[in-house]
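The values are calculated or read from the model by the stated rules, or taken from the named source; none is laboratory data. All values reported here derive from a predicted model rather than from experimental measurement. For neighbour counting, all protein chains shown are included, and Cβ atoms are generated from backbone atoms with ideal geometry for every residue, glycine included.
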Amino acid sequence: MLAIQRVTKPPLFSLGQVVATAGALDLLDRSGVNASVLLTRHQRGDWGNLCEEDIQSNNEALKNHTRLMSSYELGAEKERMWIITEYDHSVTTLLLPAEY
């Protein structure tokens, strides 16, 4: 019998303390998305809906220890949520672009 192994990327960095704005919590609730799913994607280098320039910036940030950012579209309305990990990886924030 052939065993199927699920290969997942390991975390690329520490999230530090995770915090969320009121708007981000509301969007997660309305869209039925678990924040841990987005945080895992962010931490493993799936930056979501970013342009190529921002993806490259994140890839450089992994080497240079600067701020990391992901952007995800949630729900039927495709509302945008950002996840930002500070340069020192002490804090990761879930927020809406309007709350930046």
Report those helices (runs of 4 or more DSSP H) wholly inside the chain carrying at least 1 residues which are touching a residue at least 40 places away in the same chain (Cβ under 8 Å) and loosely packed, with under 15 Cβ neighbours inside 10 Å. 22-31, 52-64
Return a yes/no flag: does the range 53-71 have any residue that is within 21 Å of L25 (Cβ to Cβ) and out of contact with any strand residue (DSSP E or B) (no Cβ under 8 Å at 6 or more places or on another chain). no
Is it the case, given these coordinates, that G45 is at pLDDT 95 or above and over 11 Å from the mean Cα position of the chain (by Cα)? no
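What's the total number of residues in the range 53-100 that are small (G, A, S) and within 12 Å of the chain's Cα centre (by Cα)?
Applying the first criterion (small (G, A, S)) to the range 53-100 yields 57, 61, 70-71, 75-76, 90, 98.
After this cut, where a residue has to be within 12 Å of the chain's Cα centre (by Cα) as well, the list is 70-71.
Number of matching residues: 2.
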